[in-house]
1. Using a 10 Å cut-off on Cβ atoms, rank the peptides 98-108, 192-202 from the highest mean neighbour count down.
2. How big is the antiparallel share of DSSP beta bridges in the chain, given as a percent to the nearest 5?
3. So for region 116-203, what percent of the C-alpha to C-alpha distances run longer than 22 Å?
4. So, R0 is 22 Å and r is the distance between the beta-carbons of residue 149 and residue 101; what FRET efficiency does that work out to, to 0.05?
5. Suppose we keep just the alpha-carbon trace of the chain; what are its Rg and Dmax in angstrom?
6. Kindly provide the helix-only [θ] at 222 nm of the chain, computed as the sum of -39,500 (n - 2.57) over DSSP H runs of four or more divided by all residues, to the nearest 500 deg cm²/dmol?
7. Could you give the length gained by full extension between residue 213 and residue 42, i.e. 0.36 nm per residue of separation minus their alpha carbon distance, to one decimal place?
8. Per residue, how much space in cubic angstrom lies within the convex hull of the C-alpha atoms of region 27-147?
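Taken together, the values in this text are just the output of simple stated rules run on the coordinates, not laboratory data. Just so it is clear, the structure is predicted and the values come from calculations on it, not from any experiment. Neighbour counts are summed over all protein chains in view; Cβ atoms, including those assigned to glycine, are modelled from backbone coordinates with ideal geometry.
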């Protein structure tokens, strides 16, 4: 596949687009591109202050299941990647331990908590009295909680209709994840993956993953490995081949304390030409 990188430049914050054959090649190209053309940004969060290289980034991988899936320079061992991927797809064996985290992707994707009232709720109900009346009508004033396995629902939907374009799996719980600075949520974290949208074309399951933020050097290799393991699992369950993998981060970054390691890859690329 041709190498296609479009860099916005330091003064115009915008997207970088990476095309690659496999995950390892994609990571190397992405690291080099963001170090050369990423936007220099100072992070000034209350609990975290550092410089960074940042951009919006699209990474499109033609063969995500092909080796090498992990780059030799990545700070990640294969057994660690496989363990993370297993927990991502199937959950931890110790559910009590899993509940000690602010969130897990298995919990948000395969044990998503929802109220059945939302399925029948109108677009807009501004009047308090009408809102209470509607709640009582739909569920006798009580939340009818259901736990949704979005992965299984997606698999079942594609088995019935492989052409379906509306299969969307999401992780966001607005009241929890937008409530960052209240006393209850002041130190909590929210999912970096916000949406996964699979599509079947030409007998292959293609994956599009959207992340609100992503640490390219330290986290992306592990993330992409796990996300494509989910892609492989779903493709097998549906009975199709694994297609392409597209990863979009609204805020992709490399932090200042990693610049030395990232620049080593810039100066001595392993899989791509300078």
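1. Top of the packing list down: 192-202, 98-108.
2. 65
3. 53
4. Taking R0 as 22 Å, the efficiency between residue 149 and residue 101 is 0.70.
5. Cα only, the chain: 20.6, 66 Å (Rg, Dmax).
6. When only DSSP H runs of four or more count, the value is -10000 deg cm²/dmol.
7. 60.1 nm
8. It is 241 Å³ per residue.
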